[in-house]
1. What pairs in Lys33/Lys804; Lys149/Lys804; Lys197/Lys693; Lys197/Lys333; Lys576/Lys658 have C-alpha atoms more than 26 Å from each other?
2. Given Leu622, Val749, Ser413, which one lies farthest toward the positive end of the charge dipole of the chain, if we put +1 on the Cβ of every Lys and Arg and -1 on the Cβ of every Asp and Glu?
3. So how far, in whole Å, is the C-alpha centre of segment 486-508 from the one of segment 541-614?
4. Determine the sum of side-chain charges near Leu128: Lys and Arg each +1, Asp and Glu each -1, restricted to other residues whose C-beta is under 12 angstrom from that of Leu128.
5. Give the ranking of Trp783, Trp677 by solvent-accessible surface, highest area first, calculated with a 1.4 Å probe.
6. Could you tell me the accessible area of Arg171 in Å² (1.4 Å probe, neighbours in place), rounded to the nearest ten?
7. Can you give me the Cα centroid spacing of segment 344-402 and segment 17-33 in angstrom?
8. Taking the Cβ of Tyr473 as the center, what net charge do the other residues with Cβ under 14 Å away carry, scoring Lys and Arg +1 and Asp and Glu -1?
Amino acid sequence: MSDQRSSSNGFGSALNSIVGAILKPPLKAMSRKRLPKIEGTIEIEGLIEVVEVFREQYGRPYIYARNDHDLYFAQGFIHAQDRLWQMELNRRAARGKLSEVFGPDALDTDRMARTFGFERLGMESLNLASDEMKDTVDAYLDGVNAFLKDPASRLPLEFSLAGFKPERYTREDCMAFVLLMSWQLSHAWQSELLRYKLYATIGEELAREWEIHYPDHDTAILPEGIDFNIIDPKGILKKMNGPYLKKGKGSNSIVIGGKHTKSGKPIMANDIHLALSAPSLWYEIVLVNTTENRSVRGVSFPGLPVVITGSNNHFAWGITLAFTDAADTYIEKVDSEKNTYEYKGEQKPLTIIEEIIKVKGQQDHAETVRLTHRGPIISEVLETGATAISVQDLVLNPIQTFEGFRLLNEGRSWDDFVEAMKRFTAPQLSIVYIDREDNIGYWCTGTTPIRAAKHTGMVPVPGWTDQYDWQGYVPFEEMPHAYNPSCEYVITANNKPVKDNYPYYLGNTWMNGYRAKRIEDLLLAKIGSGSKVTAEDVNAWFKDVYCIPAVEYREIIRDILTSNQCRQIFSDRENKAIDLFLEWDGRMDVDSVGASVYEVSRYFMVKILLQQKLDPDSIYELLGQGFHPILLPANEYYGHDTTALLRILRNENSAWLKLVGGKEKLLQASFKEAFAWLSGTISNAPFDWQWGKIHIARFPHAFDIKPPLDRIFNPPSHPISGNTDTPYQTAYGADRPFGNNSWSISYRVSVDGADFDHTKAIASLGQSGHLGSKHYNDLTTDWLAGKYHEYHARETLEKNAEGKLLLAPKPHPRFETG
């Protein structure tokens, strides 16, 4: 069955399919003629020495350079070879320049980018960066521009179809994208606005039942907040509470110490859950400085230098979002005529920035950006109403995040890792660590504000007083972190980082913790059986699709579903579906009928409840839909409707149950709607209602909204297991059930301390952004199967490389005197 889509159906869809099928072969042939050169030599101005670029069988490049300038120059050149169209979209989205080439449809995105000021803040960040970081950025940009300048280079097919050519790449392009990516990974302020709206619309009693609450299992990353031990087999040193060893003394992720592993060496695994797309968000790469014998392997962002997550010669690191709260919203008293706002009884001048946005096919748009001392006024661009709302967000400041990534690439020890962590003032990340010396560690990064006693950061607060001003920041050394924790493992899955007795308030917007609990249950069961853990075990756990809240949901309603009164309401066919659900093993497998009945009935149950008081848009917002489909596709309420529903079903006095006439009536209505939907979407036979027929992974290209180009550039869709609450996380948008269209496993990496040099990883889809490349979507089969691909040593590449490209300095012309 084809994937569920909101685009046109019937005749129009069939016509698009026909036209797409006709156009795809010639367009692929055109794209093949534009594929980059991967064999031979290219002479380029700007290089110091010759650079070697090997490509292995899946198209991953291995870059060998004798100095860092050439290394990052080559990275920019190779990124441009494979992903130039994606890079173009990245920089235009970050700088608010999409409308210039795509017209008024992109204006809302550009207005938001200009209001939040990614370009301005990016350049302020670069001004504070080290000379080494500036040199890295400049070398990378020189490499991108060398590709654009090379007469042999061919632009990707998309530029011809869109009707424009890329301009020279600048520091502004690079740094604006750094700020955009950091901002998209920061959280907390959207829920404040939604909570304010919800309480005003339906009142406190009803709103509280949908509040974000962490489940009772209370799985925390570090129960003690700080857990720091030096590996000390002789017992000479004692447990320390400091952040790291002094000089001279020394999205899911897991690190496990050698005490629990079969090899006696630590293991790290990291699955990064972000949106699927064509091409993939990530670009796998290996960077080697041969002079310094320094290498790093992992994934990068096309448009930016260095590796974001992976391993170097000395340690490996993995990243998930921490979901700590580093942003607040404020209600402002603004005098629009005078361009002032009230603060502490005085009128303060607003900082005014006039942004001119070029719009293809119509007049330029003038956007007036207004800033308070805390941050931008966002109510106009978000269209939240007449009340002026500003946001104070630590990511909307000059940040040194990319300096931190550069230090991780070059680091040699835990001390170096900690020095890198200091640069991650934003976004808020959970970063795990293992090294060759058998140590494991973790740090919760991102500067976190200390709020006034009566300020919890839950709703917008008065901005005209200093009563809600931040009182300072949680000291870096006191943020949750661990070094060789006593339990010998750390699990992060966007779950609560610490218990409630931690001395600082870090927020309340982390995800519900069911994924972390499931992974920990599997780990403890393995350890409890007396067995030792292998990397293959961890891989299986991260592929696990057992859904804890689904089983809780089923057991809460089992008595009602099995009652004679309930059975009489449903038809024989529907009762068969109920039986399949009650017998289900709780696994969200593609061939499971029980999985479909669970997810669809739960979804309709939530909607039936909320429809009693909320309009459709407000329902989708409460179910996690963000303010903007591109820049802010989800908000902090995402996934919490599951836990809220479980609480409501357990509470016989729930005000929401009273609105619908009780639990039995709610259950009957929601299952009736679910069965009708499944029958209309799939068939009348319950045995056909497999989860994989409605839960489908799509890889939308930028032309996804432009039929019939979507039929040409979108790779095939595939049924996929899992849901939001399984370790193998595959989420869907509330307004687009039930396909895997929100986020999924975008990248997987596994590092076994017993075989550190042979890190294994896989990204979704493929390395190339060229439609005509064999690497456009050649990773999909292995990605779906949960397989990894090993990174290779140079000797293997020399024998089996798909291509070896030499990037050589272009000889200077000789001038003769007459």
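1. Check vs 26 Å cut-off fails for Lys197/Lys693; Lys576/Lys658.
2. Val749
3. Here the two parts' Cα centres lie 32 Å apart.
4. In short, -1.
5. Numbers: Trp783 5, Trp677 65 Å².
Accessible-area ranking of Trp783, Trp677, largest first: Trp677, Trp783.
6. 80
7. Their Cα centres are 43 Å away from one another.
8. Working: positive: Lys422, Arg451; negative: Asp325, Asp328, Asp393, Asp469, Glu477, Glu478.
Around Tyr473, the charge tally is -4.
The values are calculated or read from the model by the stated rules, or taken from the named source; none is laboratory data. Here the structure is a predicted model, which is why all the values come from computation and not from measurement. Virtual Cβ from ideal backbone geometry, glycine too; neighbours counted across all protein chains shown. These accessible areas exclude ligands, DNA and RNA; they are computed on the full protein's heavy atoms, side chains included. Shrake-Rupley method; radii C 1.70, N 1.55, O 1.52, S 1.80 Å.
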